[in-house]
1. Would you mind calculating the gained length between L308 and D232 on full extension (0.36 nm times residue separation, minus the Cα-Cα distance), in nm to one decimal?
2. Which cross-chain or sequence-distant (5 or more) residues have an amide H under 5 Å from the amide H of R4, H modelled 1.01 Å from N in plane?
3. Please label the shape of the stretch 193-232 as rounded, prolate or oblate, based on the square roots a ≥ b ≥ c of the eigenvalues of the alpha-carbon gyration tensor (a/c under 1.5 means rounded; beyond that, a/b larger than b/c means prolate, else oblate).
4. If R0 is 22 Å, what FRET efficiency do you get for D10 and V88 from their C-beta distance, rounded to 0.05?
5. For a Förster distance of 30 Å, can you work out the FRET efficiency between the beta-carbons of F176 and R218, rounded to the nearest 0.05?
6. Which of the lysines could a cross-linker bridge to K345, judged by Cα under 23 Å and excluding same-chain residues fewer than eight apart?
7. At 1.4 Å probe size, with every protein chain present, just tell me what the per residue accessible area of the stretch 193-232 comes to in Å².
Amino acid sequence: MPLRLNVDQDALLFLKDFFTSLAAGINPMVPAETTEAHPEAQVQPGSPQEGQAEGVETSGTQEAAGGGQGPSEQQPIYFREFRFTSEVPIWLDYHGKHVTMDQVGTFAGLLIGLAQLNCSELKLKRLCCRHGLLGVDKVLGYALNEWLQDIRKNQLPGLLGGVGPMHSVVQLFQGFRDLLWLPIEQYRKDGRLMRGLQRGAASFGSSTASAALELSNRLVQAIQATAETVYDILSPAAPISRSLQDKRSVRRSRKGQQPADLREGVAKAYDTVREGLLDTAQTICDVASRGHEQKGLTGAVGGVIRQLPPTVVKPLILATEATSNLLGGMRNQILPDAHKDHTLKWRSDEAQD
């Protein structure tokens, strides 16, 4: 506890399709002859295994839907009572990748593609239904409806607290609050004001520094994404050599890997700038060589001129990417668990292999 759910967009759409197809065949049926022989039966799951919370307790009665049915006819299980006995806290992280409108509609497609959640807090409340439910699908529908209504009425602040950079903003204000409130709280408790000041300063230093670095990193990454979009727009539609494509694919695969500490962040920043400059020089040489082969000196000069606009934008991309590596290294130096959490949260293909 709490239950951590780290879901990206592809996984969310897969789960939607999976549970939609699963729900169609999840309603078990019991023979009518069993109902006649045993008019009442208790349905209870076994005792929870070690590490599992107490979950669902149900008691069910199979009842005939009406007279005149043959012994071979099938009937859904009737649950006389349904209980979800443990409140389950959930931390939800979600990573949208691209806007898709084919599967879920226009608004939902925009929301799913653009949403970013970081430590959004939810709770599945306790449930108790004693008026009877006919079929497993009705049980699941009842539970989902109750939880969704509770989330809409009582839990929107915790859910919206993880949207975009809001979690870092909340951490930032939490650090200032602890700096002022913990000394007062400690003084009221036992009169040890210095102890309260130490606790407040420690909380302020860790949470505020981490939140400030995270917000700065998000801003830098937004600038980088904008610069990359401008670069793609300004780049001439010319074929790229195979070796250059391989280098760029390797850099993109390493881009999502956060540095473990400040030393690794500095090393990654240096490699980013060095490889980016070499990449730019190689691109200009390839364009000039290709233009010279086609139209001689005039083609070479024209190709270089066409390559100048994206070349001007390239240093901004390199600078922001290097800065992002430095900020990420500093944050993970302060909070080593953040790097481990990120590595386990969004595993790359190499990590899975």
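The values are calculated or read from the model by the stated rules, or taken from the named source; none is laboratory data. Source: prediction; values computed, not measured. Using ideal geometry, Cβ is built from the backbone for each residue, glycine included, and neighbour counts are taken over all protein chains shown. The protein model used for the area step is the full one, side chains on, heavy atoms only, and it has no ligands, DNA or RNA in it. Shrake-Rupley method; radii C 1.70, N 1.55, O 1.52, S 1.80 Å.
1. Additional length available on full extension: 26.1 nm.
2. Here the answer is W91, since their amide H atoms fall under 5 Å of that of R4.
3. In terms of gyration-tensor shape, prolate.
4. E(calc), rounded to 0.05, equals 0.30.
5. Step by step, r from the Cβ atoms, then E = 0.95.
6. Hits, sequence-local ones excluded: K16, K97, K123, K255, K268.
7. Heavy-atom accessible area per residue stands at 52 Å².
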